Amino acid sequence: MKTIAKLLAVSACCATLAFAGCASVNQTDTESLTLSELGKPAIGVVHEDVTTLIGERDNLYSLAALTLVNRDWQAGSETRGHNIGSILVNNATGEIVFYARNSNKILASGCQHGEVRLVTNFLKCEKAGPYLGDYTLYTTLEPCIMCAGMLTMTQIGKVVYVQQDPSYGNTQEIIGTGNYPIYYQEATVDSDFKSRLESSYNKSGVKSITKWLVGDDAYQIYNDAEQALLNYKPIFDVNNDVYDKVMKFLDKDLLERFNDAMAKQCPTGKFKEFY
């Protein structure tokens with residue numbers, strides 16, 4: 001457990017020092033780098049190498065987010081919402097403590113993005129909040145400005161996304177270069193699935209990325225990502241524990257819940273009393 005906490009601290013340090021994909025960080029470094037060495041995160045997106053310790057760890061959680069979406073895939077009319085989802089990881093334990101998928105359609109609200117639903121409902125949980133500095137959020141699509149603003153104000157420790165959003169992305173650069181007093185660390189893992197998603201979308205000619213995400217090409221990539229995760233063998237021994245925690249999460253009933261029913265996802269199974 002201590003090793004995972006140090007691993008996440010190193011991940012933050014990588015972006016702060018603007019390491020290229022954290023390539024210079026190895027397993028030994030996790031014992032020497034601490035949170036006391038951190039300053040403001042680097043402006044912009046840190047690209048992580050999937051063959052490094054931190055990159056593999058973030059890739060495992062990213063694959064878990066892709067699998068979450070794949071297990072409630074919305075085709076055609078999107079009865080729930082867009083095929084976008086997020087998970088929240090406790091940096092101290094490595095446990096996935098909450099999840100949510102985009103539910104714009106079923107809730108008839110353009111605000112019901114996966115990140116918004118995750119953060120607003122997790123902060124209702126007993127013993128949670130008001131800030132998320134000790135957590136990392138993994139999401140399948142780069143956050144929009146609405147979600148980025150919310151994640152900024154909750155002081156999230158780090159955000160990792162899979163697929164770039166050419167139209168509504170680039171939000172952290174906007175916040176970071178706009179002299180805003182706070183901004184979070186943002187990263188993406190340069191994995192095969194990221195490459196396939198971005199390449200396939202760019203070649204499709206479809207203007208709306210959310211419309212493309214209901215298509216067969218997107219579904220095939222998400223399904224392949226789940227299969228790759230289920231058959232994955234970690235490169236680094238320390239990431240075996242991360243993989244076990246991801247598998248423990250995927251063994252759960254991952255239905256998309258709404259309103260008071262989302263309290264079942266809280267670590268204690270309850271919202272705070274005033275909710």
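The values are calculated or read from the model by the stated rules, or taken from the named source; none is laboratory data. Because the structure is predicted, anything quoted here is derived from the model rather than measured. A quick note on method: Cβ atoms are made from the backbone with ideal geometry, for glycine too, and the neighbour counts reach across all protein chains shown. Areas reflect the complete protein model, heavy atoms only, side chains present, ligands, DNA and RNA absent. Shrake-Rupley method; radii C 1.70, N 1.55, O 1.52, S 1.80 Å.
For the chain, the equivalent ellipsoid derived from the Cα gyration tensor has semi-axes of 26, 22, 20 Å, listed largest first. Accessible area per residue for the chain is 44 Å², calculated with a 1.4 Å probe on protein heavy atoms, without ligands, DNA or RNA.
Using a probe of 1.4 Å, the accessible surface attributed to D192 totals some 120 Å² when neighbouring protein chains are kept in position. Just so you know, the averaged projected area of the alpha carbon convex hull for the stretch 176-215 sits at 4.4 nm².
Distance between the pseudo-spin-label points of E173 and T79 (7 Å out from Cα toward the beta carbon): 4.0 nm. Percent of C-alpha pairs per 10 Å bin in the stretch 90-223, short distances first: 11, 40, 36, 12, 1. In a DSSP loop and with at most 11 other Cβ atoms within 10 Å, the trypsin sites (Lys or Arg not before Pro) in the stretch 159-265 are K207, K252.
Give the separation of the Cα centroids, the stretch 227-252 to the stretch 167-200, in Å. The two parts, judged by their Cα centres, are 25 Å apart.
With all protein chains present, how much of the accessible area of the stretch 146-263 (probe radius 1.4 Å) comes from carbon and sulfur, to the nearest whole percent? The value for the stretch 146-263 is 49 percent carbon and sulfur by accessible area. In the context of the full protein assembly, L107 retains an accessible surface of approximately 60 Å², using a probe radius of 1.4 Å and ignoring ligands and nucleic acids. For the stretch 48-61, the Karplus equation 6.51 cos²θ - 1.76 cosθ + 1.60, evaluated at θ = phi - 60°, returns couplings of 9, 7, 5, 8, 9, 4, 5, x, 5, 4, 5, 5, 4, 5 Hz by residue, with Gly and Pro reported as x. Against the criterion of solvent-accessible heavy-atom surface with a 1.4 angstrom probe, E226, E95 sort, most first, into E95, E226.
So for the chain, averaging the separation of alpha carbon pairs under 8 Å that are six or more residues apart and normalising by length, what relative contact order in percent results?
Numbers: 488 pairs, mean separation 62.9, N = 275.
For the chain, the relative contact order is 23 percent.
How large is the Kirkwood hydrodynamic radius of the stretch 55-165, counting all unique pairs of alpha carbons, in Å? Evaluated on the stretch 55-165, it is 13.9 Å. With R₀ fixed at 45 Å, the C-beta to C-beta distance from C111 to D237 puts the FRET efficiency at about 0.60. The 1.4 Å probe gives accessible areas that order S109, S77, largest first, as S77, S109. Think of the stretch 145-275 as a dipole: +1 on every Lys or Arg Cβ, -1 on every Asp or Glu Cβ, centred on the Cα centre; then among W212, A261, A228, A261 lies furthest on the positive end.
For the stretch 170-275, report the % of Cα-Cα distances exceeding 21 Å.
Numbers: 3555 of 5565 pairs.
Value for the stretch 170-275: 64 percent of Cα pairs lie more than 21 Å apart.
The chymotrypsin sites (Phe, Trp or Tyr not before Pro) found in the stretch 139-193 that occupy coil by DSSP, while having at most 16 further C-beta atoms within 10 Å, are Y168.
Within the stretch 53-106, all pairs of alpha-carbon atoms sorted by distance into 10 Å bins from zero give the percentages 23, 46, 23, 8.
What pairs from K124/K245; K105/K211; K127/K264; K124/K211; K158/K194 go past 21 Å between their alpha carbons? Pairs exceeding 21 Å: K124/K245; K124/K211.
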